[in-house]
Amino acid sequence: MNAMAAAPRHPAHEDLVRRWLDTVPARSGLAADPRPYAENLLARWAEPQRRYHSTDHLVAVLGHLDTLAGHADDPAAVRLAAWFHDAVYRPDRSENEERSADLAERALAELGLDDARTAEVARLVRLTATHDPAPDDTNGEALCDADLAILAAPPAPYAAYAAAVREEYGFVPDAAFREGRAAVLRQLLELPTLFRTPYGQAEWEARARQNLTTELDLLTV
C-alpha cells in the first residue's frame with residue numbers, strides 16, 4: 001500500500017490501530033509489518049470528502065461487529081472486511097466497493113494472508129454494494145447488518161447521519177438529491193427485512209423502519 005499524506009488523528013486512532021493488530025497480529029507468518037497498513041487505512045478513512053463514511057463510521061461498524069461476531073463463521077474476515085469496505089470512497093463514483101475490494105486483495109496479499117481468507121474479505125467488501133447476502137452467508141449477514149445499523153439509531157443521531165449523507169452529496173442539486181434519496185428509502189422500506197441476523201431483526205428492524213419512514217416523509221412533503 002502506498003503511503004498517504006498524514007491526516008488529523010481521530011481520538012480513537014491508537015485504539016483502532018490496536019484493533020487492527022489484534023485482527024492481523026504481527027506474527028512470524030506475516031510477510032510485512034501490519035501497522036503501516038492500519039495507518040494507511042486510517043488516513044483513507046479521514047479524507048476530507050467524507051462526512052458520513054468517515055473514521056466514526058469505521059468505529060461504529062467495528063463496535064456493532066463486536067455484538068454480531070458470534071453470528072459469523074469467520075469473525076476475523078468480517079472485521080477485516082469492515083476495515084476495507086469504504087477504504088476507497090468518492091461520493092461521485094459508483095465503483096467504490098469494487099475499488100475497495102481490489103485494495104483489500106492487494107494489501108492482504110502483501111501481508112501474506114492466505115488466499116482463502118483474502119478472497120473472503122474481498123467478497124464481503126463487494127457485498128456491501130448490495131447488502132443482499134444469501135440466507136446461509138453468516139459472514140455477509142454480520143457485515144451488512146453492522147454497516148446498516150445506523151438506520152436504527154435514535155432520532156438525533158439518525159438526523160445527523162442523514163445530514164452527513166447530504167453533505168457528502170453537496171454537488172447534487174437539492175431537488176435531484178431529494179428525489180434520489182427518496183427512491184433509496186422506498187427501496188429499503190420495500191425489503192422484507194432490513195437486517196438478516198437474529199439480533200438485528202430483534203433489536204434494530206422496527207426502529208430503522210420508523211427512521212426511514214420519517215425521513216421519507218420529510219423529503220416528500
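The values are calculated or read from the model by the stated rules, or taken from the named source; none is laboratory data. Bear in mind the structure is a predicted one, so any value in this text is a computation, not a measurement. Every residue, glycine as well, gets a Cβ built from its backbone with ideal geometry; the counts of neighbours run over all protein chains shown. When the accessible area is computed, the model is the full protein with side chains, heavy atoms only, and any ligands, DNA or RNA have been set aside. Shrake-Rupley method; radii C 1.70, N 1.55, O 1.52, S 1.80 Å.
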Problem - Between 0 and 90°, nearest 10: helix 138-148 axis offset from the chain longest Cα axis - result: 50 degrees
Fill in the blank from the handout: Between the Cα axis of helix 205-219 and the main Cα principal axis of the chain, the angle (0 to 90°, nearest 10) is 60 degrees
Exercise for the section: Amide H neighbours of V88 under 5 Å, at least 5 residues apart or on other chains, H built in the peptide plane: list them. Expected result: S100
Practice task
Calculate what fraction, in whole %, of the accessible area of the stretch 139-213 sits on carbon and sulfur atoms when a 1.4 Å probe is rolled over the protein chains.
Solution key: 59 percent
Problem - Neighbour net charge for L216 - beta-carbon separation under 11 angstrom, K R +1, D E -1 - result: +2
Exercise for the section: Using R₀ = 22 Å, calculate the FRET efficiency as 1/(1 + (r/R₀)^6) where r is the Cβ-Cβ separation of R123 and E14; round to 0.05. Expected result: 0.15
Practice task
Could you rank F177, F195 by how accessible they are, 1.4 Å probe, largest area first?
Solution key: F177, F195
Completion exercise
Mean projected area, convex hull of alpha-carbon positions in the chain, reported to one decimal in nm², is 12.1 nm²
Exercise for the section: Using a 1.4 angstrom probe, figure out how much accessible area the chain has per residue, in square angstrom, rounded to the nearest whole. Expected result: 48 Å²
Completion exercise
Ordering 156-163, 17-24 by per-residue average of other C-beta atoms within 10 angstrom, highest first, gives 17-24, 156-163
Problem - the chain - percent relative contact order, Cα under 8 Å, separation 6 or more - result: 19 percent
Practice task
May I ask you to rank R166, R181 by accessible area, largest first, using a 1.4 Å probe over the protein chains only?
Solution key: R166, R181
Problem - Sum of -39500 (n - 2.57) over DSSP H runs of 4+, divided by residues of the chain (222 nm, nearest 500) - result: -19500 deg cm²/dmol
Handout entry: FRET efficiency, L191 to A116 (Cβ-Cβ, R0 35 Å, nearest 0.05)
Key = 0.70
Exercise for the section: Compare D132, D86 by solvent-accessible area with a 1.4 Å probe and give them largest first, with all protein chains kept in place. Expected result: D132, D86
